[in-house]
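The values are calculated or read from the model by the stated rules, or taken from the named source; none is laboratory data. Being a predicted model, the structure only gives us computed values, none of them experimental. Quick reminder, even Gly has a Cβ in these numbers, built from the backbone with ideal geometry, and neighbours come from all protein chains shown.
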Amino acid sequence: MFRNLIVFLSLISIVACGSKPRVQIEDEGFNLKPSLQHEIIAKEIVNILENYSYKKVQAGDSLSNIVFTNLLNTVDQGKNYLIQEDIDAIEKFRPTVSQDLRKGDLSTPFYIFNIYSKRYLECLEYALTQIDAPHDFDKDENYISYREKLDWFKNEDELKDQWRKRVKFDLLNLKLASAEGKNDEEKNKETLRKRYNNLISQAKKTNSNDAFQLIMSAYTDAIDPHTTYYNPSFAQAFNEGMSNTLEGIGARLQMENEMVTIKEVIAGGPAFKDKTLKMDDRIIGVAQEKGDFEDIVGWRLDAAVAKIKGPKGTTVRLKVLPAGQDLSAQPIIVSLTREKIVIEEESAQKKIKIVKGDDGKDYKIGVITLPKFYIDFAAARKGDPNYKSTTRDVRLLLDSLKDEKVDGILLDLRNNGGGSLQEAIELTGLFIDKGPVVQVRQANNKVDVESDTDPGVKWDGPFGVLINRFSASASEIFAGAIQDYGRGVILGSTTFGKGTVQSAVDMERFISPTNKLLLKAAGDDKDAATPEGAPEFGQINVTIAKFYRVNGSSTQHKGVEADITFPTQYNAEKFGESSEKAALPWDQINSAKFNKVNDMSSINKILQAQHQKRLNKSPEYKFLLEDIEEFNKSDAAPQISLNQAKLKKERDANKEKNKARINKLLELHNMPLWKEGQPQPKVEFDFILDESLQVMADLIPLTKDK
């Protein structure tokens, strides 16, 4: 079934292009080629990143090495399709791929993409032949689904054996997932046959725009993780997302290892309200309110999203593998009613908590939850006196909380990915008097100091800010300023570490009149698939500046460290800016001139000691540590048993373990236990918030005189 690549490579022809030959593939099957528009855009993107971006990275051997690795990881990070022979055939292009892009020569990356695409189809075609092959489910053998840390397959025989095992696993998984253990062998085979045929169908729809998007992402990711090129379709989708008007389940999705993966739950949306879906959960099946589930493993992301999205008020059912669980885990079913998610639902919200301090007194604490830093720019530009913004909303909430005579206020910025810089500055001004809030260094090294110019303070009482690994950008600016001024206590875990500024640039600005005439003459001036209103040549979001705290420290890479710390499962090696190899480094500039409100160091030592004392006695804290340990189990290539009895035993044990942990948490809160036959209860306890409120109860008497 597999064709030898020696034949494939013998059909390569060379076409002159300047001083360097350009690779072309003359073969039937996958033979995607770049358009003239792609070549022109590629040249201009390299020009922008060499001359106008913050890093100004030159295309050379070292950059080419990273771009080449990115390309391989993008097409086959799990090492399930390519063999060593393929790698040997393309390795010679490793040192030159970025220099080729500078000249608009896309032949090498398209060549790599075509090799991968042909292998992908061959693997799926072979998998179809294995569905009806005999499989011994009593045999002791294992399947490794994700082989990133392993070597490439030595030959086609090893590759075939991997796909034989994958088919066997898929059949066994369907068999064990059958309701009440009833197995319909023919139905399972048909389900798998439809899955693989669908993957083949989706793959054959791949076009040169898809390849170009992937190739340019490999290049921009080598520069820095927040510099990104979007083709016209992607640009339109990005800009619609930035408008904060979404219709669907309210989650940002990404394809990882052939599975649709949740990368963000949008505040205010159905998924956010339901609280079941978490970051890195994988959606493997979709069904509407009525009807059967469709298996979406391996689908194009846009095709999967089209199934998940839908009109407001309709219901979608999702089959989900929770984050951290392997492919053999029992999926959960989540039903969500689609909504239109608008900015009002992402607004700041308040609640009041009565907390008994360690001194025995009751304290009234206002909690303000802020999902993002938002502002209605359009209304503000029009002079609308009632335009909506973060600072305006929080100011009203502070007035309300003061009327209710709260003793302290806690601002919850967990999972707040940022937003408007202007709002981060103005919001800081509600808690400090006039003064600098953030410093911004431009690509030419000029440093601008952005300040709060509004005199007065809206809240001068005990104040805390709650952060976590997914508090980023504007959240880090705010938390860093509060910490530098000594205006409050910072609680939680170290933030994301995104201290860079991006600007969205329409690529049309860089396409010369001469090139536009060439494109028009070639009939390549506008792609037929370009959505109405989308940027004709796409857009690039390019890093142009860097943030610094008023004390001169960059928020980049290191983020903001909490004064009162909590453990987290999201470690820096896997999550956050520091996990990105191409991220800009941390550095420091001169401190801005500012007047510190308080020196919190002695108070924070007292708070940390009292906090740790409670943690040492807390069964919920022990439960949290166990969850973190489970989440961060060894990420070595996991082996899944293909022995039916063993796999069923493992799955049943995991199911019982999950049930036992849920019941343990319910028991800690004196809640009814989850019994057999009942639907899984939604557990919504928030230990980190509860303990943060106890820290605030410690803070209030310590700062009462101040």
Meets criteria (in a helix (DSSP H, G or I), over 29 Å from residue 638 (Cα atoms) and in the same structural domain as residue 192 (by TED's automatic domain parsing)) for residue 118: no
Of everything in segment 459-474, what is buried (at least 17 other Cβ atoms within 10 Å of the Cβ) and not aromatic (Phe, Trp, Tyr)? Give them in sequence order. 461, 462, 464, 465, 466, 467, 468, 469, 471, 472, 473, 474
Pull out all pairs, ordered by first then second residue, where Cβ-Cβ is under 8 Å, the residues are six or more apart or on different chains, the first lies in segment 223-239 and is in the same structural domain as residue 581 (by TED's automatic domain parsing), and the second is modelled with pLDDT under 85 and not hydrophobic (A, V, I, L, M, F, W, C). none
Of the conditions (1) surrounded by 16 or more Cβ atoms within 10 Å (Cβ to Cβ); (2) assigned to a helix (DSSP H, G or I); (3) modelled with pLDDT of 85 or more, residue 233 satisfies every one except a single condition; which number is it? (3)
Condition broken by residue 321, with the remaining ones in (1) touching a Lys or Arg at 6+ places or on another chain (Cβ under 9 Å); (2) surrounded by fewer than 21 Cβ atoms within 10 Å (Cβ to Cβ) satisfied: (2)
For residues that are basic (Lys, Arg) and not in a strand (DSSP E or B), scanning just segment 434-479, find the one that is farthest from residue 564 (Cα to Cα). 446
Looking at segment 152-162, which of the residues that are touching a residue at least 12 places away in the same chain (Cβ under 8 Å) and loosely packed, with under 15 Cβ neighbours inside 10 Å is nearest to residue 69 (Cα to Cα)? 154
Members of segment 360-391 that are of a type in the set (D, E, K, R) and closer than 14 Å to residue 408 by Cβ: 361, 362, 364
Just the residues that are touching a Leu at 6+ places or on another chain (Cβ under 9 Å) and in a loop (DSSP other than H, G, I, E, B), please, taken from segment 388-418. 413, 414, 416
Can you find, within segment 278-294, the residue that is nearest to residue 249 (Cα to Cα) among those that are more than 14 Å from the chain's Cα centre (by Cα), part of a loop (DSSP other than H, G, I, E, B) and not charged (D, E, K, R)? 293
Regarding segment 62-81, can at least one residue be identified that is over 29 Å from the mean Cα position of the chain (by Cα) and either in a helix (DSSP H, G or I) or under 23 Å from residue 143 (Cβ atoms) (or both)? no
Would you check if residue 56 is within 12 Å of residue 223 (Cα to Cα), charged (D, E, K, R) and at pLDDT below 95? yes
With respect to residue 351, determine if the residue is surrounded by fewer than 14 Cβ atoms within 10 Å (Cβ to Cβ), touching a strand residue (DSSP E or B) at 6+ places or on another chain (Cβ under 6 Å), more than 30 Å from residue 652 (Cβ to Cβ) and free of Cβ contacts under 8 Å to residues at least 40 places away in the same chain. yes
Across segment 626-660, what is the total count of residues that are over 30 Å from residue 78 (Cα atoms) and in contact (Cβ under 8 Å) with a residue 12 or more places away in the chain? 1
If you check residue 641 against the conditions, is it among the polar types (S, T, N, Q), under 23 Å from residue 685 (Cβ atoms) and in the same structural domain as residue 688 (by TED's automatic domain parsing)? no
